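Throughout, read-outs are computed from the coordinates displayed, never taken from laboratory work. Quick caveat, the model's predicted, so the values are computed rather than measured. Don't worry about glycine lacking a Cβ; one is built from the backbone with ideal geometry, like all the others, and counts go over all protein chains shown.
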Amino acid sequence: MYLVIANFFVKIFPYIFIFSFIYLEFSPVYFYENELIKPFLSFLVIYSWLCHDVTRFRPIWILIFGLFYDFLKDGIVGITPLYFTILYHLQRKKSDSLTSFDFKETWIKFIIYFILYFVIIYMCNYFFENASYNFNKNIFSFLLTIFLFPVFFSFIEKLTSRFGKYDN
Amino acid sequence: MAYKSSFTSRGFRSGLLNPYGAEIFICILTSVFFLIASYNKSNFFINFKYYVITFSKPGLMLVAKPFDITNNVLVFLSNFKEIKNLNISLEAENSELKNKINRNNFLEYENLRLKKLLNINEKNYSKKLIGRILIDPYKNDDFSFVIDLGKKDGLKINDIVFNEYGMIGRVLELGDFSSKVISLYDQDSVIPVFSMETKQSFFVKGSDNKLLIKHFDSLFSLKHNEVLITTKAAGYFKEGIKVGKVKKTLNEVYVEPFAKFSDTIYVYVLVFEFDKILNF
């Protein structure tokens, strides 16, 4: 019985983990009027998880995470799931698409993919939604996300290795 | 044997009904569908977004609770720093108010003693009646109206008509059960007033949409927005009813009344009881 519960917990934990980070990223925005400087936590977590254990989630879950993220974030919906689906496929097709043996290289790859995502989001919202962007706020959020990447990367690395042991 | 890396090499196994390929294809298709729907802002998309946000609101509130508590604690701590200064200012205000109360008590006591010395029995010379504005189909001007109070109610010519904002006008003509009231705006309306800040007495005369100041030479000595109240000059008017406030422009000074008879259909009338005065 204990094993069944533990197994169930191990199975659902990554999903709860990612959903809670999406909530964590957006809940202050919904309750405070001021524009907050916040890192792209959900992007960091999903990206790191794809780096370490791409087979943990099926593509449909990547779609759900992305759509949920986009629905809570104001603006065009559909870019995040599309982007993550492509990343998912790239990583699954070739495991060194997102990661590399040298962490610096992984970090640089993250920065490139993140800049790409950031620019796509910015351009889509600018052209399709006529949204006004607070440049300073977004640059701070962008830099904060890049600086936080090693922390989340190593944290999720530990989690995935722990869950890998449980799986085995 | 070497394989060339391609779209179908590792992620996909070849075959049209490859489950992974189909899933990826559906995901991309769904994303593109939402992309187009959000761009077009279709009803489906708006409703879907509404349901997603409604569904996720309890979770958002739960996650926001620690932020909310932290924010409240920080606000409380920042206010806490100001408590000392606030306390000092409140103590000073309290001391000032206590002095005023003492002064007031002393004046009341002095007033009582003076009344006793002069043997004055205080009487209320006026009473306040509530009347209603009547619709007058024969009315030919905008500056007068009829109320449902008359001689039988004790009204007299020149009794003051007012509402909660201030004076509206005075009784001009009397019937048994109704009276004609002339408003402040009428050119025949002249009211004695007193300026609260500059302490000046003068008259205001109606002039269509404002009141002109009469019998006062230094108009510009009055302060902008200062309040004017009625005085009992010539014994006609009860003192202390708000009339309007002074408006100063570059080349004129006039008075803007507080009350209009269009404010409400109910008005008050201040009736003097001259019998009491005569008996006194």
Give me, ordered by chain and number, the residues 5 or more places off B:Lys223 or on other chains with an amide H under 5 Å from its own placed amide H.
B:Thr198
Based on DSSP H runs of at least 4 residues, each adding -39500 (n - 2.57), what is the mean residue ellipticity at 222 nm of chain A after dividing by all its residues, to the nearest 500 deg cm²/dmol?
-27000 deg cm²/dmol
Here the net charge surrounding B:Leu228, from other residues whose Cβ is less than 9 Å away from its Cβ (Lys, Arg +1; Asp, Glu -1), is +1
Please check chain A for the longest run free of GluC sites (Glu not before Pro) that are loop-located per DSSP (anything but H, G, I, E, B) and have at most 13 other Cβ atoms within 10 Å.
A:36-168
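Could you please report the charge total around B:Glu197, scoring K, R as +1 and D, E as -1 over all other residues with beta-carbon less than 11 angstrom from its beta-carbon?
That works out to +2.
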About its Cα centre, what dipole magnitude does the protein assembly as shown give when the only charges are +1 on Lys and Arg Cβ and -1 on Asp and Glu Cβ, stated in debye to the nearest 20?
1120
In the neighbourhood of B:Ile157 defined by beta carbon distances under 9 Å, the net charge of the other residues (Lys, Arg +1; Asp, Glu -1) is 0
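What is the order of B:Thr54, A:Thr99, B:Thr230, fewest Cβ neighbours within 10 Å to most?
Listing B:Thr54, A:Thr99, B:Thr230 from fewest to most nearby Cβ atoms yields B:Thr54, A:Thr99, B:Thr230.
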Hey, what did chain A get for relative contact order, percent, Cα under 8 Å, at least 6 apart?
29
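Please order A:Asp70, A:Asp96 by the number of other Cβ within 10 Å, starting at the fewest.
With the fewest neighbours first, A:Asp70, A:Asp96 line up as A:Asp96, A:Asp70.
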Are any of the pairs B:Lys84/B:Lys245; B:Lys98/B:Lys127; A:Lys11/A:Lys94; A:Lys38/A:Lys109 more than 29 Å apart by Cα-Cα distance, and if so, which?
B:Lys84/B:Lys245; B:Lys98/B:Lys127
If you rank A:Ile62, B:Ile182 by fewest surrounding Cβ atoms within 10 Å, what's the result?
B:Ile182, A:Ile62
Give B:Lys180/B:Lys242; A:Lys73/B:Lys49; B:Lys199/B:Lys223; B:Lys210/B:Lys248 a once-over and call out the pairs whose C-alpha atoms are over 18 Å from each other.
B:Lys180/B:Lys242
